[in-house]
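Here's the structure, in structure tokens; my notes come after.
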Amino acid sequence: MLFYERKDDLESFWLTIHDEYPVVAEAVIVQLLPLLSTFMCEFGFSPVAFTRKRNCLNFMNVRQHKEILLKLLPQAMKLLLLTFLYFVDAVSSECGENATETLALVYKPVQQGSKRVLGIACQGTIVPGKHQNHTDTVLVSSYCIMEDPPEGYVVSVGSPDPHGDLQSSAKQFRAQRILNFPFEKHPVGILKTPQPIMYSDTVQPMCIASVPLPDEHACIMGVVTKGGLMTLRHVQMLYESDCEPLAEGLSSYLCAKVKEIDAEVGETLGLDPSMLETPLFCLTNEHPTWSVYGFALNAFDVTHPDSPILFSDVPSDLTAIKEHSDISYQEWVQRMLSKQG
């Protein structure tokens, strides 16, 4: 509980910075106006200087200058500090601010009678791409995109309930599989959207974990319920040995269990424990924003509170993920065509 209290305090701290910054900046500017007026007058930028030079000298005396500078100094120092913190906040808020908003439903074409329709394949997460304000990269479990349908896949982002009242707020993007790691080595896959996904209040990218999970952390996993609602459940990380029977030769993996099993989650995850494919997010003291650490791969019986769930280990795949997320879909197509030629 202490961890979340600290996180709440941190969020309040950044909100305070955003609220105070314009106020302090305005106060400093107001204090600077007389000094700027004198400066402009002395250097001939004021109409007063063209009429009578001594008007500039009488405009403000040395004592007034000192008084204003003494008042201005603490405010200027505060503005400088807030500018630095504001910049740090802007940099640190590029990804991982809200775990729910980074979730993406991945649909794939399935045969239904004589027609091809879209069915939910799995849950993925939007990750930062080549440019700061948009991405074209969706990270998924490689098992989710084993097939390579000619129509490609569709990802739906920007709505926690894509099948409910908020469906109109969701944005759908056509996506193509560009990377499918060998399952025995890298159980992480990448989808690319030819049309970039723009960052907004409802579409945030997810940070990619770059280091192993430290001792101080809090973790959650994404869940898609029967009704299509995208939600999150708290999990407790376990030792690797707890998932060893599920690992099937994987050299690097994470192990966890869901802390609370309710009927909705039990029904959803219990449909096929071997094909969960939902993302794992963790928040750490060293990096107080959500990062994607893996995707659920296997489980014994998730309806049981002590059932271990096997997750892939994203940091072990970071080099390959970065290599493919840092190029656009068009660049990837050109690269593939040049190899064929």
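Any read-out appearing in this document is the output of simple, stated calculations on the displayed coordinates, not a laboratory observation. None of the values given here were measured: they were computed from a predicted structure. Ideal geometry is used to build each Cβ from the backbone, glycine not excepted, and the neighbour counts take in all protein chains shown.
At a glance:
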{"item": "Gained length - Asp326 relative to Asp215, 0.36 nm times residue gap less alpha-carbon distance", "result": "37.0 nm"}
{"item": "Order of Asp306, Asp242, Asp136 under a 10 Å beta carbon neighbour criterion, fewest first", "result": "Asp306, Asp242, Asp136"}
{"item": "Stretchable slack from Asp306 to Gln334, in nm (0.36 nm times residue separation minus alpha-carbon distance)", "result": "5.3 nm"}
{"item": "Cα→Cβ-extended label distance, 7 Å offset, between Glu248 and Leu118, nm", "result": "2.8 nm"}
{"item": "Ala175 long-range amide H proximity, modeled H, under 5 Å", "result": "Tyr153, Val154, Val155"}
{"item": "Distance between modelled label sites at Asn285 and Ser241, nm, 7 Å Cα→Cβ extension", "result": "2.6 nm"}
{"item": "Karplus (6.51, -1.76, 1.60) ³J(HN,Hα), θ = phi - 60°, over the range 288-296, in Hz, Gly and Pro reported as x", "result": "x, 9, 5, 10, 7, 10, x, 9, 4"}
